[in-house]
């Protein structure tokens, strides 16, 4: 039985935090032991706290420390990549995840935010993290300022990237898209996707 899910996006402001909030709210109706983990955050905590972590822990009163809810800042992760020690990133993330897993029946894992340089690294890292945690993924696509074909191409590219690395995809959610386009997107995706939400 799946005990975790990885919420991933390929660009900023795609709606990951909203989906995380909704999913945790739903899960808490079934079990009080729901955890939250965001492996890579944008800022050093001493400078600026991650709004997603603070919002989710505070809103639901989750008994998780801020330090326990993440593994690396973006700068620290990028430094490890530049010094060719990126294997340490996955090892540390798995270690911190396992520490949470001991105390929770289900953990929602939220991917990185794609703010600033290093987006190619982040996309690949998110797939690697989901795979190493054994977490199926929910993929977030932003439909803002995109044509229907661009939305479909973005969804298929992301779907194939995750499934090509053997990460099961539970759903694709397209955010910021006119509801009138939802049926067209579902039709164009056809058999390539089991579920598309908008």
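Nothing in this text is a laboratory measurement; each read-out follows from the coordinates by a stated rule. These numbers were taken from a predicted model, which means no experiment stands behind them. No Cβ is skipped: glycine too gets one built from the backbone with ideal geometry, and neighbour counts run over all protein chains shown.
A few comments on the model shown:
- Residue 187-residue 115 FRET efficiency (beta carbon distance; Förster radius 25 Å; 0.05 resolution): 0.15
- Kirkwood Rh, angstrom, segment 66-145 [1 / mean 1/r, Cα pairs]: 13.8
- Each residue, residue 147 and residue 132, gets one label point 7 Å from its Cα in the Cβ direction; the gap between the two is 3.9 nm.
- For the pair segment 1-74 / segment 115-177, the C-alpha centres are spaced 17 Å from each other.
- Contact order relative to length of segment 4-197, as percent, for alpha carbon pairs under 8 angstrom and 6 or more apart: 28
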